[in-house]
Amino acid sequence: MAEPLRIALAGLGTVGTGVIELLAANRSTIERRAGRPLEIVAVNARDRARDRGVDLSPYAWVDDMQAMAQRGDVDVVLELVGGSDGPALTLARAALDAGKAFVTANKAMIAHHGLALAEQAALRGVPLKFEAAVAGGIPVVKGLREGAAANRIERIYGILNGTCNYILSEMEHTGADFGEMLKAAQEKGYAEADPTFDIEGVDAAHKLAILAAIGFGARVDFANVEATGIGEVRAADITQAGALGYVIRLVGIASLDESADETRLLQRVRPCLVARGHPLAAVTGPTNAVVAEGNFSGQLLFQGAGAGAGPTASAVVADLIDIARGDSGAPFSVPVEQLEQFAPADPGNRMGRDYIRFTVNDRPGVLAEITAAMRDAEVSIESLIQRGRDHAGGEVLVAMVTHEGPERCVTKALDLLNGSPSLTAAPLVMPILGD
């Protein structure tokens, strides 16, 4: 048997302890597949005295994370601390600078600093791997980077946040409103005490930026991911979508726009209406799913647990096995110097149908005002539904579905209605996916 791959592990939360448990439980299987043992030699965490339910006595405890990268008995540094900056980023830079392979589950750090870290890894000739940073235990990074490597990827989209998917699918099943289901998600441990990153779409945007970079051979461009969360989705929207044959899901979509003089990249996270026959419509609860469309492979679906100790640890150890085998590869599918810098696409070029919900005062002339704005902006209305008064009094929900057209026309119509005293809240626009 070859010499073991020696690992320094920073972070002993649920995923870190999950990695220790997985390496112990599946030791013989992992050694056969890796061709050598995988051995943790050093660990680090904030609280040394805390009981984590695993035996840490076989490992050297290192109080200074950066010192882990300098140890002569370490081949790989595994970062499970989290955070886009701070100690995690400092450790990543130190490990790569010391010529150590680096593995992380840190989506925020890769979304913000992945390009610079990839450049540093290439300079030092060491692997940088982050399978667990996107969609937990689903092997979507490897699937795009390796399994679909022969394809020109035309579009990547999916359900990238389990918290939002749980909330929306439970709203669908129970008829409850957003606030009630957010509280339930927090009680079940699916949502953090501060759920902002999840419900505002930031978490999904981190993952989408990484997937777009891999799928399109692009420089990671998180700054130009447009994210809209689910906080404005009402139970009435869920009901109306269902009556029309759709469910509502928070979907991240990345595609190349070649209609302009240059190829541009569109990256968006938005609640969407998804046709019941579409693969994403059946994805419920805290589950993730990613669809990649290749020009020869066709539609590829990756689905599974998007978080949790077991699935995330599984993805982390898969990266360690690759390193043990000597399988490195470019972090973002092509050598870092060949990654393209795409300008952000104009979302107005998107052709599609939309669901638009207005909250309005119940008075004569409101519908005429809305439809006139649509007419003047050249938006063709397929259907229009007015619901009765809200029980809180005075407000009416008006929902419409548009015919296919450019998004800039919908934007123009909403601009025409901006500031209207008839509207009591900002309109909610959700693209329709899967017709």
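The values are calculated or read from the model by the stated rules, or taken from the named source; none is laboratory data. Owing to the predicted nature of the structure, the values given are computational and were not obtained by experimental measurement. Note that we place each Cβ from the backbone using ideal geometry, even for glycine, and neighbour counts take in every protein chain shown. Calculation scope for accessible area: heavy atoms of the full protein, side chains included, ligands and nucleic acids excluded. Shrake-Rupley method; radii C 1.70, N 1.55, O 1.52, S 1.80 Å.
Of all residues in the range 56-69, those satisfying the criterion of being under 33 Å from the mean Cα position of the chain (by Cα) and not hydrophobic (A, V, I, L, M, F, W, C) are ASP63, ASP64, GLN66.
Contact map, the range 422-435: residues that are in contact (Cβ under 8 Å) with a residue 40 or more places away in the chain and buried (at least 16 other Cβ atoms within 10 Å of the Cβ) paired with residues that are of a type in the set (D, E, K, R) and assigned to a loop (DSSP other than H, G, I, E, B), Cβ distance under 7 Å, separation 6+ or inter-chain. Pairs shown: LEU428/GLU232; ILE432/ARG353. Beta carbons closer than 7 Å, at least 6 apart along the sequence or on distinct chains, pair a first residue in the range 87-106 that is closer than 18 Å to ILE323 by Cβ and in a loop (DSSP other than H, G, I, E, B) with a second that is open to solvent by 10 Å² or more (accessible area, probe 1.4 Å) and not hydrophobic (A, V, I, L, M, F, W, C) for ALA98/GLN70; GLY99/ARG124; LYS100/ASP75; ALA105/THR312; ASN106/GLY82. In the range 258-294, of all residues being assigned to a loop (DSSP other than H, G, I, E, B) and of a type in the set (D, E, K, R), the one that is modelled with the highest pLDDT corresponds to ARG276. Assess whether ALA25 counts as being crowded, with 18+ Cβ neighbours inside 10 Å and modelled with pLDDT of 95 or more. No, not satisfied. Does ASP85 count as at pLDDT below 95, within 23 Å of VAL141 (Cβ to Cβ) and open to solvent by 70 Å² or more (accessible area, probe 1.4 Å)? Answer is yes for this residue.
Across the range 357-390, the qualifying residues are those that are open to solvent by 80 Å² or more (accessible area, probe 1.4 Å), under 36 Å from the mean Cα position of the chain (by Cα) and under 22 Å from THR239 (Cα atoms), and the one among them that is modelled with the highest pLDDT is GLU382.
Here is a yes/no grid of residues against (1) in contact with a strand residue (DSSP E or B) (Cβ under 6 Å, 6 or more places away or on another chain); (2) β-branched (Val, Ile, Thr):
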position	(1), (2)
GLY114	no, no
LEU123	no, no
GLU131	no, no
VAL134	no, yes
ILE138	yes, yes
LYS142	no, no
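Listed by first and then second residue, the pairs with beta-carbon distance under 8 Å, at least 6 apart or on different chains, first residue in the range 49-64 and on the phi > 0 side of the Ramachandran plot, second open to solvent by less than 40 Å² (accessible area, probe 1.4 Å), are GLY53/THR17.
Within the range 238-257, the set of residues being at pLDDT below 95 and among the charged types (D, E, K, R) comprises ASP257 only.
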